[in-house]
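Remarks on the structure that follows.
The values are calculated or read from the model by the stated rules, or taken from the named source; none is laboratory data. Note that the structure is predicted; figures quoted are calculated from it, not measured. Here Cβ is always computed from backbone atoms with ideal geometry, including for glycine, and neighbour counts include all displayed protein chains.
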Amino acid sequence: MASKDLRFFDFPDAERLPDGYPRRGMSVVAALSEWLIHTNRRRNGAWTQRYEHGVPVTDLTPLQADGTCGTLVRFLPVKSLGPQGLPTAHDLTRWTAHWPCLEVRLHDQRDGGVD
C-alpha cells in the first residue's frame, strides 16, 4: 500500500480517500488479481472497495466504525501466475520482517483451507 499507485501518481486532481489522504500503492497487486478487496479503517471513519482485474467495480463504501485502525487487503492472484508464483508464509514473513507492526496472514484455500 506504500508504493506508487500507477493510476493516480503525479495526478494532482486524483480523487482522495475519505480521510483526505492521497491514494497510494495497490494498482499492481490489483491488476494481478482476479479480485481484490481493500478495507481501510481510521479513527475518523472506515471504507472498503472491490476491484476486479485492477479496475474498481464498486465505489468507496463506508463501513461502521469498530474502534480499530488499519488496512486489510484480500485478493485472489490471477490463475496465470500459477502455483509457483504464489508466495509461501515464510516468503511473506521474510519480505515484511522490517515492518514490526505489520501482520501477514496467508490463507491458502486450494486444498481445503490450510492457514
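At a glance:
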{"item": "Matching residues in region 45-77 - criterion: being polar (S, T, N, Q) and in a loop (DSSP other than H, G, I, E, B)", "result": "Thr58, Gln64, Thr68"}
{"item": "Residue check for Pro100: at pLDDT below 85, surrounded by 13 or more Cβ atoms within 10 Å (Cβ to Cβ) and not assigned by TED's automatic domain parsing to the domain that holds Glu34", "result": "no"}
{"item": "Val55 being modelled with pLDDT under 90 and closer than 17 Å to Leu81 by Cβ", "result": "no"}
{"item": "Pick from region 78-97, criterion within 16 Å of Val29 (Cβ to Cβ) and part of a loop (DSSP other than H, G, I, E, B), ranking: modelled with the lowest pLDDT", "result": "Leu86"}
{"item": "Any pair with Cβ under 9 angstrom, 6 or more apart, that starts in region 29-42 at a residue that is free of Cβ contacts under 8 Å to residues at least 24 places away in the same chain and ends at one that is aromatic (Phe, Trp, Tyr) and assigned to a strand (DSSP E or B)", "result": "Ala31/Tyr51"}
{"item": "Exclusive hit being in contact (Cβ under 8 Å) with a residue 24 or more places away in the chain, among the β-branched types (Val, Ile, Thr), loosely packed, with under 14 Cβ neighbours inside 10 Å and out of contact with any helix residue (DSSP H, G or I) (no Cβ under 9 Å at 6 or more places or on another chain), set Thr93, Thr58, Thr68", "result": "Thr68"}
{"item": "Selection count where residues are at pLDDT below 80 and surrounded by 12 or more Cβ atoms within 10 Å (Cβ to Cβ), scope region 1-42", "result": "19"}
